[in-house]
Structure formats: C-alpha cells, structure tokens
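J.: Have a look at this one before I ask anything.
All of the numbers you see were taken from the coordinates with simple rules; none came from a lab. The shown structure was predicted, so the numbers you read here are calculated from the model rather than taken from an experiment. No Cβ is skipped: glycine too gets one built from the backbone with ideal geometry, and neighbour counts run over all protein chains shown.
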Amino acid sequence: MKNVAILGSTGSIGKTALAFIEKHPNDFKVVAMTAGDNIELLEAQIQQFNPEFVSTRSENALSQLRQNLAHQMSRKIDFDFGTRGAETVGAFPKADIVLSAIVGAAGLRPTIAAAKAGKTIALANKESLVVAGAFVTQTAKENGATILPVDSEHSAIFQCMLNSQPDDIERLILTASGGPFFLQPELDLSSITKEQALKHPNWSMGEKITIDSATMMNKGLEAIEACWLFDMPSKKVGVVVHPQSIIHSMVEYIDGSVIAQLGVPDMTGPIAYALAYPKRLPKAIERLNFSKLKTLTFFEADHHRFPSVNLALHAFNHGPTFPAVLNGSNEVTVRAFLDGKIQFTDIAAINEAVLFKYSSQSASCLEDFIEADQWGRHQAEHSVRHKEK
Ligand code: NAD
Ligand code: MG
C-alpha cells in the first residue's frame, strides 16, 4: 500500500489519478490533497478519499470548504491554504509518493517541498523543471528524492531507457501531436478562436496545456523538461510530429537502434506507471488494436508557423534563468488569449519579444529563478495591455 499526496487534485491529471486510485484501493491510499478554487469537486473528493490533510489555493475557498464540511466528516481533517498549505501537502510526512499536478509555476514551491522531504515525486508539473530545473534536480539529489515522469513523452523515454548506459544514447526523440492546426497549413493562425484552440485532436487536458499544445510551446517546455530529467544536453533532444499520438516518444541509441513506447493516448497510462513504479498494475488503459490503427505518420516540426519549440531551446541554451522568463511570459499570454485579450499568434510573438529583452542574470538561489519568472510576467502583462489598446 502506498500513501499518496496529490498537488492539484481537481485538475485533469488529479482527476485521472484519483479515478485510477479508486480502482486500486488495496494499492493506494490518499493522505493529503490540494486544489485551487473548485470547492464542490474538492468536497466530493474529500468525502470519497478521506485524506488527513487538505489545502486550498485561497483562504476564502478554505472557509467555504470548512463550512460545507462542518457537519459531514466523521474524522478530523487538518486544513491550510496558499503556498504554505501546498508545501505541507508536498512534504506530508505520511506520503510515500507525491503527485505534482498543479498547473504552471505555482507548482514549483510545493514540488521543492517534496524534494526537500526526500519524497518520490510523480511529476506532471513540467513548469517546475522549466522555471528552476537546476534547483529542483539538485534539491532532489541532495535529499534522496526520486523524480518519476508523468508527462507521457517523458514516461515513454524513461521506459525506453530502462537498463541502458548513458553513453549508449544518441538522442531522445519527443513525439508531438502538432496540436489542432499542424495539418492545416493554409489556416490563418491569427484568426484562431479560443474554442478552436481548445479542441485538442487526441488528448483531453487542462486549458493551459491544451493551448500550449496548439502553439507547440508544450513541446518546447517538454524539451527543457527532458534535458533536466535525463541529464541531456539540448542538442540530444529532438522533436518529431506524430499526429496519432500512439508512439509517446523514443530513444535512439548509438548503434542506430530506436526504442519506442506505444499506447493509446490516455494519461492514465503514465500516471499509473509512475504511481505503481517499479510494478505495473493490470489493465490501466485500453489495449492498442493494431488492425484498427493501420498507419502511423511522422512529420518534421514546422518551426516557421510554430516558433515556440526553438524559442524554448534558445532560452534553455542562453542561461539558467531564461526559461523562467519564457515560462512566466507564456503563462500570462496564454491566459490573455483565453480571456480574449490577444490573438493566438500574439502568444508566441509576445513571448519572443519578452525573451529577447532579457539580459542574463546569475542564479545562485531559488529566489533568482522566481525573480526571473516575475520579470517575464510583468513584461508580458505590459505587452498584453499595449495590444488591448
Ligand atoms: P488543470 O488546469 O486541469 O489542473 C490544475 C490543478 O492545479 C487544479 O486542481 C487546480 O485547482 C490546481 N491549482 C492551480 N493553481 C493552484 C494553486 N496556486 N494552488 C493549489 N492548486 C492549484 O491542469 P492539468 O491539465 O491537470 O495539468 C497539470 C500539470 O500537469 C501541468 O503542469 C501540465 O503541464 C501537466 N501535464 C498535464 C497533462 C494532461 O493531460 N492534462 C499531461 C502532461 C502533463
Ligand atoms: Mg506531454
């Protein structure tokens, strides 16, 4: 039996994880969870999974939750809110494994709390590695924490690398669906609506990552994530567009052999793999039906229409705090697009302009990364206001 703490229980990853845990009551017990402001869902999750500790993003949400639960719970639950509460979930003493599934840089501090507490971290929150990969991986190392990838591409690479020698690896090949617009080269991307961009062809995910997939920034963030998770230089990380999302990623070896991991596009697969590791639990996902599948296709990434992959790699190669600037800017521009304030193509344009305005800063502590993230946000907010006028 593993005790699980969940950061971001009401999100797409959090809900998928809980649905999996529900089917395996003898393997997992939820001991702590945190979420944003979806109090109704959190309340239902508390009643079903009976955790010992619960945290919400805001104090308001917490007081509403406590009010709602006042006469319902038979057992005492401890509560908190904000960053402190999320950090308590990350470092929860009874937890054997922490699922890090808050969206965005808000996941950074609780993930670090888990690393400091020496936890096994099932990491979905790629932004924490993008913002402060050096700090997160070093903290994990110093405290004996293990990071297991939940992102499907990285879970695939992890599985393709089992029992391999680092020197035998030529490169990691991340597959990308290309998002909803890749196969429509004639489409004018500046006129894309929020509804169009939120229709991902293969995966059902939270809003932010769905927009990141449409701009292909998601693949840029994942390239950085792969460099940190697998200790690879960026020149050894490539991207290939594979619209069916059946091959989740690949590892090419120096002898020319390529190992790929396949499965239906269902996040239950990588979540189950990370939670149960090193075991595998039966029937986590639907089986692949090869006779129905018939064809798998591959395309080169189109860096002209989708400049975000190169932008992310540029940031990664330019200095330790550049990715934090890019990520901060991207969180602001994605939000602004979802709020109807800027066009789809403004997302990458503003991110690029913000990144090119930044000059290198040293990074000796966590605050340096957070300062870079804030700088990126402020610059992007300024540009969004300018566009709105
Ligand atoms: P989501 O928006 O559906 O859910 C985010 C969760 O975080 C929600 O529970 C929300 O309430 C919570 N949250 C947000 N801010 C918070 C805060 N300040 N304090 C506490 N809780 C907070 O997002 P998602 O799609 O589940 O993605 C989560 C993470 O996993 C992201 O980093 C994403 O890139 C990564 N990821 C997601 C998928 C997917 O299929 N959804 C796949 C791969 C990786
Ligand atoms: Mg992914």
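J.: What does the charge count near Ser362 come to, summing +1 for each Lys or Arg and -1 for each Asp or Glu among other residues with Cβ under 13 Å from its Cβ?
T.: Here the charged neighbours net out to -3.
J.: Convert 20 °C to kelvin, take the viscosity as 1.002 mPa s, use the Kirkwood radius over C-alpha pairs of the chain as Rh, and evaluate the Stokes-Einstein diffusion coefficient in µm²/s, rounded to a whole number.
T.: Working: Rh = 21.3 Å.
Estimated via Stokes-Einstein, D reaches 100 µm²/s.
J.: Continuing with the same structure: Mind scanning Lys126/Lys208; Lys15/Lys283; Lys199/Lys235 and naming the pairs with a C-alpha gap bigger than 22 Å?
T.: Listed pairs above 22 Å: Lys199/Lys235.
J.: Moving on. Given the C-alpha centroids of region 41-100 and region 316-389, what is the distance between them in whole angstrom?
T.: 32
J.: Restricting to Cα atoms and excluding each atom paired with itself, what does the Kirkwood estimate give for region 1-139 in Å?
T.: Numbers: mean 1/r = 0.0683 Å⁻¹.
It works out to 14.6 Å.
J.: If you don't mind, another one. Suppose we take every Cα in region 319-389 and form the convex hull; what volume per residue is that in Å³?
T.: Roughly 66 Å³ of hull volume per residue.
J.: Just flag the trypsin sites (Lys or Arg not before Pro) in region 1-87 sitting in loop per DSSP whose Cβ has no more than 15 other Cβ atoms within 10 Å.
T.: Sparse-neighbourhood loop trypsin sites (Lys or Arg not before Pro): Lys23, Arg75, Lys76.
J.: Need one number: % antiparallel among DSSP beta bridges in the chain, to the nearest 5.
T.: Values: 11 of 42 bridges.
Here the share of antiparallel DSSP bridges comes out near 25 percent.
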